[in-house]
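Novice: Below are the structure tokens for one structure; questions will follow.
The values are calculated or read from the model by the stated rules, or taken from the named source; none is laboratory data. Computed from a predicted structure; not experimentally measured. Please note: Cβ atoms are built from the backbone with ideal geometry, for glycine as well, and neighbour counts cover all protein chains shown.
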């Protein structure tokens, strides 16, 4: 037990939705009393007035148990609402578990929401000390790391400017820089890579890598499977507040992505539920293999079919189809030619040839763009598996690369 950093023993967390009590001004209380008198005869007749408030209990975590060794980097994955953030808040002592026990050996540094503890009227310099204090750093620690924090955030010129005048990117960089320079025994990080531009996200990943290599225990929640796979040696998959899988990061991520595959290669909405704006509405998206089968192999041509409706003010429209691998690498971004057709219902088809994609799981992101402004933009709208197909040489190992094209070769004797 001495080498354990975290011990979670049958932890459950319940939340109450709705309101049980209402707090009113004195005048509202008198008015409520008058209404009660008016409703009294109806109550005597068995016709109670409708209750204005209601409550409902949900279990964000259910009987969760696991252990984390000192120096281990654990990834926590799952869909939105699976209980990931709740688990981190319980481990950070922000909220108490309803049932079960937790044991934590060492100081915990939590980065659960970038920018928590910032005050818009204070300068960047003042907020570094304020935010550092909120995150558990002493004033001497902040002073010792002050130059590193400023250098990482790249806000030297604006250090004495109130952060309310910062751009969103500057604000995020400074907030992450403070939290990233904590030196706790256990670091708890919740989806910090969902913010900032691509260069800053890579910088964050590098910093997280340095933390993990320093021997500190890290719990890392992210939807970025590339980051999870690169930083963690083990992963836990949460589903509906319960541990679905606990194992090596490779196996856990593979099971999670496989389970996310749709049983059908299509997604369709009713008019009332369809993603839409005042310019355009998305009706359906589907993957259509050339052969009459749901199986797609590396040599199977298929079509990405999109049905949508344009409205009066849609202007110039483009469709962007972005295909990603399971670990977040973009295989391609195919954008349709600009089109200014009149209002109406349309079907667009993108032909993807056979012998192009490598085998693996792919995720489709689709965007409808009007006058260069995204109107509908949906990630992971479809997920599908490309099976290993015929090969043109006797090699059966893993084929490296996102694509597996069969180009024409010419060889001449010289």
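Novice: Quick check: anything in the stretch 26-49 modelled with pLDDT of 55 or more and touching a strand residue (DSSP E or B) at 6+ places or on another chain (Cβ under 9 Å)?
Specialist: Scanning the stretch 26-49, I find no residue that is modelled with pLDDT of 55 or more and touching a strand residue (DSSP E or B) at 6+ places or on another chain (Cβ under 9 Å), so the answer is no.
Novice: Within the stretch 230-247, can you find the residues that are outside any strand (DSSP E or B) and crowded, with 19+ Cβ neighbours inside 10 Å?
Specialist: 231, 232, 241
Novice: Within the stretch 354-368, does at least one residue satisfy the condition of being within 30 Å of residue 316 (Cβ to Cβ) and in contact with a helix residue (DSSP H, G or I) (Cβ under 9 Å, 6 or more places away or on another chain)?
Specialist: yes
Novice: Find all pairs meeting these conditions: Cβ atoms under 9 angstrom apart; at least six residues apart or on different chains; first residue within the stretch 272-287 and not assigned by TED's automatic domain parsing to the domain that holds residue 346 and assigned to a strand (DSSP E or B); second residue surrounded by 16 or more Cβ atoms within 10 Å (Cβ to Cβ) and modelled with pLDDT of 95 or more.
Specialist: none
Novice: Kindly establish whether residue 377 is free of Cβ contacts under 8 Å to residues at least 24 places away in the same chain, outside the structural domain of residue 252 (by TED's automatic domain parsing) and either out of contact with any helix residue (DSSP H, G or I) (no Cβ under 8 Å at 6 or more places or on another chain) or more than 29 Å from residue 250 (Cβ to Cβ) (or both).
Specialist: yes
Novice: On to the next question. Can you tell me which residues in the stretch 307-322 are surrounded by fewer than 21 Cβ atoms within 10 Å (Cβ to Cβ) and part of a strand (DSSP E or B)?
Specialist: Scanning the stretch 307-322 gives 307, 309, 318, 320, 321, 322.
Novice: Which one of these does residue 385 not meet: (1) assigned to a strand (DSSP E or B); (2) modelled with pLDDT of 90 or more; (3) closer than 30 Å to residue 250 by Cβ?
Specialist: Going through (1) assigned to a strand (DSSP E or B); (2) modelled with pLDDT of 90 or more; (3) closer than 30 Å to residue 250 by Cβ one by one, residue 385 breaks only (2).
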